[in-house]
Each structure stands twice: as C-alpha cells, then as structure tokens.
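Visitor: Sharing a structure, written as structure tokens. Questions coming.
The values are calculated or read from the model by the stated rules, or taken from the named source; none is laboratory data. Just so we're clear, the structure is a prediction, and the values are computed from it rather than from any experiment. Note that we place each Cβ from the backbone using ideal geometry, even for glycine, and neighbour counts take in every protein chain shown.
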Amino acid sequence: MSRYRQMRPANRLAEPLLAALAVTAIGLSAGCGGGDGTTSAAGARGSAGDTGDSGVASIVGSAGPDVSPSPQVERPLIRPDTSAEEQERLMNLWLQCFEDNGVSEMDRKMKADTPQVRQVAEDCAPLEPERLWQRSLRLDPEYPDKLLAWAECLQDRGVDAFVDGDFLSLADGLPAGTEVEECEAEAFSGG
C-alpha cells in the first residue's frame, strides 16, 4: 500500500457542475409555461403569446436563450512526445497574445492583479498551452485517481514523489531522466 494518500481537488471542479445544474434547472422551470396542450406542425407545444385554457402566455420554441452550458475551452496540449521546439512555439503564441493586447511580459508578471492584465489573461487563456495533468485537473473528475497513479508510478521508479493537494511534488526536484513524462503519459493517457 502506498504511503501517500489520495487528495481531492479543491471545489473548483464542483463549481462548474453546480453552475451547469443551476442553469439547467432554471431552463427547465422557464419551459413550464401554459398552453392548450396542442402540438404545432413544428412539434412545439403552444406558441408565442398562446394563452391556452389557463390564460397564461407562454413562449415556446428556439426564440429563448441557449441555456446549455458552454463547452470547455480546448487549449493547446503539450503531450509527453511534443518536441521542445513545438512547446516553445506554443508558448510564444500565448505570450504574443499578451503583447498584441498591450501587456508586456514584465506587466504580465508584475501587474497580474490589475483589471487590464486580468482581462487580457482571460482573452488569451485559450492559447495557453497545458500538459496532460493540467487538462485533467481542469476537466476530468477522475483527476485525483490519476494524480495518485502518477505519484505511484514515479515511486515505483525510485523517485521520491507524492501528492500534495491538487499537485505532484518531487522531494528531490526533477530527476535527470524522463520518468516524470513517462509516468504522466501512463497515468493520464493510459499509455
């Protein structure tokens, strides 16, 4: 048995789920308007302004706002087999987005809490590269199990690794070999 215990990620994974459930509940309750129970040729019950027998107007059909949760942003993925040149190219595209929006590298680091830099960071977020574990942290409810598997894989290879909250920690720093990348690929992509 591993000497490291599995840690659950912070509530940041639960918050989007709760928001999506709230939006769905609101959408379902908004769709419970009146109507006479008849179905039009388009298949919608009632119509805009139809009062039916209840005397309550309802709006039915696709005229309302889309209440489905928005899809997650697909950021560039740095896989374990991504070349150093490709990683650098992806990082440069992301950093160039800041420059193109008037935020220098120094401003990005030193003024990160200002409204302008926060807005540019949000606008450039879809270009920010991420590793397998980072994508899993953002999107995968099985992230804690995969993080634990990553740490155990490294332990099996003699690396003093452990789970520290939502992150992997290496007691002795990065090893000289490719164990970290190999175990990341094994834990997060089944490879």
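Visitor: Select the helices (runs of 4 or more DSSP H) contained entirely in region 77-177, then report the ones holding at least 1 residues which are touching a helix residue (DSSP H, G or I) at 6+ places or on another chain (Cβ under 6 Å) and more than 21 Å from Phe188 (Cβ to Cβ).
Guide: 84-100, 105-110, 115-124
Visitor: Need the failing condition index for Thr51 against (1) over 30 Å from Ser169 (Cβ atoms); (2) at pLDDT 50 or above; (3) over 19 Å from the mean Cα position of the chain (by Cα), just the number.
Guide: Here Thr51 meets the rest and fails (2).
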